[in-house]
Structure formats: structure tokens, C-alpha cells
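What follows is a short report on a single structure.
The values are calculated or read from the model by the stated rules, or taken from the named source; none is laboratory data. Model, not experiment: these values are computed from the prediction. All Cβ positions, glycine included, derive from the backbone under ideal geometry; neighbour counts span all protein chains shown.
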Amino acid sequence: MQTLKHIFEPLRLLNKRTLTLLIVIEVLLALVAWQLSGGGLIPTPAKVLAALGDIVQRPDFPDNLFASLTLTIKGMGISILIALVISYLSIVPFFQPLAKFVIKCRYLTLTGLIFLFTLLTQNGHQLKLSLLIFGIVPFFVTSLLSVIDNIHAQEFELCTTLRMNSWKALWEVVIVGRLDQVFEVMRQNFAIAWLMITSVEGLSMSEGGLGVMLIKANKYVQLDVVFGTLVIIFILGILFDYLLGTVRHWLFPYTKLTVRR
Amino acid sequence: MNTYSKHEVLLSAENIQLQYGEKVVLRDVNFRIQDIRRHGINQGQVVSLIGRSGIGKTQLFRILSGLLRPGAGEVRIDEDQHVVKPGEVGIVPQNYILFNHRTIYQNLKIGLDSAQLNLSEAETKSTIAEYAATFELSEHLKKYPAQLSGGQRQRASIIQQVLTGNKFILLDEPFSGLDVLMIDRVMELLLKISTLSEHNTLIIVSHDIENAAAISDMVWVLGAEEGKPGATIVKEYDLCQMGLAWKPEIRSDMRFVELLTDIRKHL
């Protein structure tokens with residue numbers, strides 16, 4: 001009874017066992033509700049599960065999965081490097097307008113730029129990668145600049161009293177001091193990369209990918225396959241989220257010390 | 001018998017003014033800190049700048065450290081009385097800022113490295129170990145700042161500044177948020193640091209009159225004068241001259257109690 005009261009109490013911290021139990025119960029309830037309300041156009045969890053089993057056994061599934069994963073990781077890797085360079089340079093006044101412009105590029109739609117990118121790139125892979133990078137970088141830069149803006153002025157003053165020049169202060173406070181938050185930014189923005197991957201994969205379907213699978217299934221109204229593919233994308237997203245979070249805590253143990261648990 | 005003599009000026013503030021738009025924050029702030037010498041001891045200087053909250057203490061703190069340029073006037077330091085530059089005066093802010101991504105050892109090492117003594121790895125380690133032992137931080141060297149209590153963080157922050165080789169260290173509200181026992185330990189620590197070297201000078205900026213005055217040899221009261229805008233030094237107490245400096249049991253001395261009453265009148 002007490003536990004039941006706790007789960008509705010604001011700011012109450014639950015122990016790991018109770019929290020896991022709560023998640024399992026809520027997931028089961030959602031699945032039951034879905035199963036009971038389904039049956040029409042929307043496939044039931046049982047059908048989605050069957051479609052999922054079918055998808056993973058398809059001979060082209062590993063290739064599609066590999067194509068999406070490599071494109072995402074490559075896109076994320078290059079994007080974070082570009083975003084880091086732009087963000088760190090934004091500390092130097094000369095580069096501030098560039099960083100501010102990149103942030104505003106969040107409002108540009110990729111659809112309008114496909115023709116331009118098609119002219120600029122040499123093949124389908126490059127086109128997809130370029131669009132992915134162009135789509136992700138503004139979001140990365142926005143998050144990274146927010147991290148930099150939130151650095152307390154006293155940290156820079158501490159550097160001054162420790163006789164560091166401005167480049168050393170940049171290194172200590174912004175680059176090394178906030179490296180853990182770069183991982184957090186990557187983790188949070190990974191969802192955007194996943195969101196875009198399925199869109200850009202449709203631009204050049206020869207390489208395959210999970211996005212291509214989705215487009216084809218949608219075209220033939222195979223909604224159970226669509227939902228099955230979405231489940232795979234969802235699981236992969238959660239997996240990456242967990243991996244990046246774990247690597248962050250492993251590389252930067254101090255990040256665990258100030259978290260409310 | 002507290003025989004002492006005062007010698008060259010180590011730090012001086014001349015006609016410091018600070019104004020934001022129409023608002024005058026500081027006006028005509030003048031003071032001097034002289035080297036105090038006592039026989040058989042490296043007697044550093046401990047001075048307190050007392051004032052009510054919001055009077056402009058922190059602004060003066062930043063000006064003294066060279067982090068903020070005053071609208072007029074100069075802060076000069078050392079025997080040659082050159083204008084203070086950022087990095088020549090150490091600061092220990094109220095919230096004890098350390099690099100949270102570095103262990104305490106690494107934080108202290110950054111302080112020591114900035115002294116540019118070209119120490120070997122072994123010498124660096126032994127110097128840090130020595131200071132950590134003196135100030136009871138040995139068992140915390142491998143920890144991160146977030147794992148330390150407020151008092152331990154404060155000690156680490158003070159030692160980091162001491163290791164830079166700065167003779168002048170400014171402390172913003174060093175007794176704030178500490179329990180009674182911890183305050184006593186901080187006072188011991190500050191007195192210990194002040195006697196590490198003849199020219200070591202600690203400037204305590206605080207609104208805690210009793211604790212600040214108890215370890216000081218000089219107290220300045222920063223306050224407002226009637227009819228005049230901005231804060232200035234309204235009263236100076238030379239505790240050496242008054243025979244109230246360097247006395248461990250000072251709190252039980254009636255003259256000290258009277259001094260506190262008098263300081264309160266000027267706030």
C-alpha cells in the first residue's frame with residue numbers, strides 16, 4: 001500500500017526493483033490495451049510480433065540493418081566533429097556569426113535542398129550522408145552552444161587566477177571540462193539522426209536500409225511490416241541510448257556523482 | 001607580548017570608484033596593507049572587509065583580484081606597488097569553485113603547475129601530498145569535488161590558490177554555510193596559511209563580523225555615508241595597535257566584544 005502511494009508522490013525516488021516492476025506493468029498494460037483495441041487497420045501486437053519474426057528472418061534484413069547503422073554512425077560521427085569545431089570556435093568572436101547562422105539552419109527544410117545536394121554530390125551514398133549531416137549539425141551545434149552558454153563565469157575566473165591564457169581556459173573548461181556533455185548531446189540528438197535516416201534513405205534506395213524497408217511496406221500497405229520495422233528502429237534507438245549513456249558514465253565517472261537517483 | 005612592526009606596503013587601493021549607469025556602487029575606497037613583522041615567526045597579514053549584504057563587497061573583491069576594472073582608481077600590489085593584473089591575486093569564491101571533471105589531486109596539480117616551478121613528477125607529488133596532509137585532505141586526493149563536503153571543498157580551493165604561489169588570496173564569505181566546528185577549523189587553516197610566508201596576505205570579505213575579526217590584524221568596514229551615494233570604507237580598526245590581534249582566546253576578551261559592538265554601529 002505504501003509503495004502504491006509512493007509511485008504517485010512527486011519527487012519520490014523509487015528503488016531499482018520497484019521501478020523495473022512499474023515499467024514492466026505499464027508496458028504490459030499498454031500492450032493489452034493495444035491488443036484489445038486493434039484488429040482493424042492497425043495491426044495487433046501479436047501480428048506485429050509475427051511480422052517482426054518474419055522481417056528478421058528475411059535474407060536482405062542484415063544488409064538493410066547494416067546499411068542503416070553504418071550510414072547513421074558515419075553521419076553522427078562526421079556531424080559531431082563538424083558541430084564540435086563550430087561550437088568551440090564560437091568562443092572566438094570572429095566565428096560567432098557562423099555558429100549563430102548554423103543554429104538557424106534548423107529551420108531549413110531538407111526537401112527544398114535535395115536538388116542542390118544532388119548537384120553537389122557524386123552518388124546516392126554521398127547524397128544521403130550529406131543530407132544527414134546537414135540535417136543533424138544545426139541540432140548538435142544548438143545543444144553544444146547551450147552547454148557552453150551555461151558554463152558559470154566563475155570557472156573562467158578560476159582559470160584566470162590560475163594564470164591560464166584564454167586558449168588554455170578554453171581547453172580546460174570548454175573542451176575537457178564539458179566532454180562528458182558532448183556524449184549527452186550525442187545521446188539526446190541520436191533520435192534526430194534516426195528520424196532523418198529513414199527519410200534520407202528513401203532518396204537513394206539502391207543501398208537499402210531500414211528506411212527503404214519502411215517505404216516499401218508503406219507502399220503496399222503492409223502495416224504489420226511497417227510496425228515491425230518501427231519496433232526494430234525503436235529497439236536500436238534504445239540500445240544506442242543505453243550504450244552512449246553507459247560509455248559516458250564509464251569515461252567520465254564524475255557525471256554519476258551529481259545525478260539525482 | 002605581541003611585539004610587531006609594520007613595514008612596506010604590500011597592497012593598496014587608491015580612490016576606487018565603481019558605477020553602473022547612474023548607480024554608484026563604490027566611492028573613494030582607500031586602504032593600505034603593510035607587511036607586519038614579528039620576531040621568530042613568518043607573520044603574514046589577515047585583513048577583513050566587513051559589510052552588509054549587497055553593499056558592494058563582491059564588486060570590491062573582484063576589483064582587488066584584478067578581475068574587474070574600477071571606473072577610477074587603482075589597486076597596487078607587492079613591494080614595487082605595480083597595478084594588479086588578473087592572476088596575481090588568488091580568489092576563493094563563496095561556492096568554492098573547482099574543476100569538477102578533475103580529481104582533487106589534479107585540481108591541486110593545476111594550481112602547482114601554474115606556479116611554473118618546473119618541478120619533477122616526484123616533486124609535484126610530494127608537494128601536493130605534503131599540503132594535503134597538512135590540511136587533512138590526503139584521503140580525498142583521488143576523489144572528485146562532488147564527493148567532498150563543503151568544508152573539504154573549501155580547503156581544496158584554498159590550497160589550490162596557495163600552490164599557485166600567490167601571496168595574496170581573497171576569500172569571499174569563507175565562513176558562510178559552515179557549522180561552528182568547521183568554522184573553527186577554517187580559522188585555523190587560514191591562520192596556518194598566513195604564517196606560511198612573511199608576505200602571505202589574506203583578505204577576508206565577509207558579513208560575519210565575529211569570526212572575521214577574531215583572526216584579523218586589521219578590519220575595514222565597508223558602508224554607506226549619510227547623504228552620499230555608494231559604499232566606502234567608513235571605519236578602520238588596527239587590531240595590532242589595539243592589542244587584539246593573534247590571540248587564540250580573543251572571543252572572551254571584553255575589549256573584543258566592545259569592538260564587535262562598535263563595528264556593528266558602523267554597518
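Applying the selection to the range A:1-40, what residues are touching a helix residue (DSSP H, G or I) at 6+ places or on another chain (Cβ under 7 Å) and either among the charged types (D, E, K, R) or not in a helix (DSSP H, G or I) (or both)? Matches in the range A:1-40: A:Ile7, A:Arg12, A:Leu14.
Scanning the range A:124-153 for residues that are surrounded by fewer than 16 Cβ atoms within 10 Å (Cβ to Cβ) and free of Cβ contacts under 8 Å to residues at least 24 places away in the same chain, which turns out farthest from the other protein chains (Cβ to nearest Cβ)? Among those that are surrounded by fewer than 16 Cβ atoms within 10 Å (Cβ to Cβ) and free of Cβ contacts under 8 Å to residues at least 24 places away in the same chain, it is A:Gln126.
Determine which member of the set B:Leu112, B:Leu108, B:Leu137, B:Leu117 is touching a residue at least 24 places away in the same chain (Cβ under 8 Å) and either hydroxyl-bearing (Ser, Thr, Tyr) or surrounded by fewer than 19 Cβ atoms within 10 Å (Cβ to Cβ) (or both). Within the list B:Leu112, B:Leu108, B:Leu137, B:Leu117, the selection yields B:Leu117.
Among the residues making up the range B:104-118, those that are in a loop (DSSP other than H, G, I, E, B) and of a type in the set (Gly, Ala, Ser) are B:Ser114, B:Ala115.
If you go through the range B:39-84 and keep only what is surrounded by fewer than 17 Cβ atoms within 10 Å (Cβ to Cβ) and farther than 15 Å from B:Ala13 by Cβ, you end up with B:His39, B:Gly40, B:Ile41, B:Asn42, B:Arg52, B:Ser53, B:Gly54, B:Glu79, B:Asp80.
For the structure I just gave you, tell me whether B:Phe99 is of a type in the set (A, V, I, L, M, F, W, C) and touching a helix residue (DSSP H, G or I) at 6+ places or on another chain (Cβ under 7 Å). Yes; evaluated as a whole, the condition is true for this residue.
Screening A:Met164 on (1) of a type outside the set (Lys, Arg); (2) touching a Phe, Trp or Tyr at 6+ places or on another chain (Cβ under 6 Å); (3) within 12 Å of chain B (Cβ to nearest Cβ) shows it passes everything except condition (2). Restricting A:Phe61, A:Phe95, A:Phe117 to residues that are surrounded by 15 or more Cβ atoms within 10 Å (Cβ to Cβ) and modelled with pLDDT under 90 narrows the list to A:Phe117.
Does A:Glu207 satisfy the condition of being within 14 Å of chain B (Cβ to nearest Cβ), crowded, with 16+ Cβ neighbours inside 10 Å and either over 21 Å from the mean Cα position of the chain (by Cα) or within 30 Å of B:Gln94 (Cβ to Cβ) (or both)?
Numbers: within 14 Å of chain B (Cβ to nearest Cβ): no; crowded, with 16+ Cβ neighbours inside 10 Å: yes; either over 21 Å from the mean Cα position of the chain (by Cα) or within 30 Å of B:Gln94 (Cβ to Cβ) (or both): yes.
Answer is no for this residue.
The set of residues from the range A:167-195 being more than 14 Å from chain B (Cβ to nearest Cβ) and of a type in the set (Val, Ile, Thr) comprises A:Val185, A:Ile192.
For every residue, the table says whether it meets (1) over 17 Å from the mean Cα position of the chain (by Cα); (2) modelled with pLDDT of 95 or more.
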{"residue": "B:Asn2", "(1), (2)": "yes, no"}
{"residue": "B:Ile33", "(1), (2)": "no, no"}
{"residue": "B:Ile41", "(1), (2)": "yes, no"}
{"residue": "B:Ile55", "(1), (2)": "yes, no"}
{"residue": "B:Phe61", "(1), (2)": "no, no"}
{"residue": "B:Arg69", "(1), (2)": "yes, no"}
{"residue": "B:Pro86", "(1), (2)": "no, no"}
{"residue": "B:Val92", "(1), (2)": "no, no"}
{"residue": "B:Tyr105", "(1), (2)": "yes, yes"}
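In this structure, is A:Thr111 more than 22 Å from A:Leu98 (Cβ to Cβ), away from chain B (no Cβ under 14 Å), β-branched (Val, Ile, Thr) and buried (at least 19 other Cβ atoms within 10 Å of the Cβ)? Can you show your working first?
On the way: more than 22 Å from A:Leu98 (Cβ to Cβ): yes; away from chain B (no Cβ under 14 Å): yes; β-branched (Val, Ile, Thr): yes; buried (at least 19 other Cβ atoms within 10 Å of the Cβ): no.
So A:Thr111 fails the test.
Can you list the strands (runs of 3 or more DSSP E) found entirely within the range B:2-103 that contain at least 2 residues being away from chain A (no Cβ under 14 Å) and closer than 30 Å to B:Glu225 by Cβ?
Values: elements: B:5-20, B:23-37, B:45-51, B:72-77, B:89-92.
Of the strands (runs of 3 or more DSSP E) lying wholly inside the range B:2-103, those with at least 2 residues that are away from chain A (no Cβ under 14 Å) and closer than 30 Å to B:Glu225 by Cβ span B:5-20, B:23-37, B:45-51, B:72-77.
Please determine whether any residue of the range B:120-138 is more than 27 Å from B:Thr58 (Cα to Cα) and facing chain A (nearest Cβ under 8 Å). Walk me through how you get there before you give the answer.
The first filter runs over the range B:120-138 and keeps only residues more than 27 Å from B:Thr58 (Cα to Cα), leaving B:120-134, B:136-138.
Next cut, facing chain A (nearest Cβ under 8 Å) only: none.
Among the residues of the range B:120-138, not one is more than 27 Å from B:Thr58 (Cα to Cα) and facing chain A (nearest Cβ under 8 Å), which makes the answer no.
With a requirement of 2 or more residues that are modelled with pLDDT of 85 or more, within 21 Å of B:Ile110 (Cα to Cα) and within 14 Å of chain A (Cβ to nearest Cβ), the strands (runs of 3 or more DSSP E) lying completely within the range B:145-226 that satisfy it span B:168-172.
Could we say that A:Leu170 is hydrophobic (A, V, I, L, M, F, W, C) and surrounded by fewer than 18 Cβ atoms within 10 Å (Cβ to Cβ) here? The answer is no for A:Leu170.
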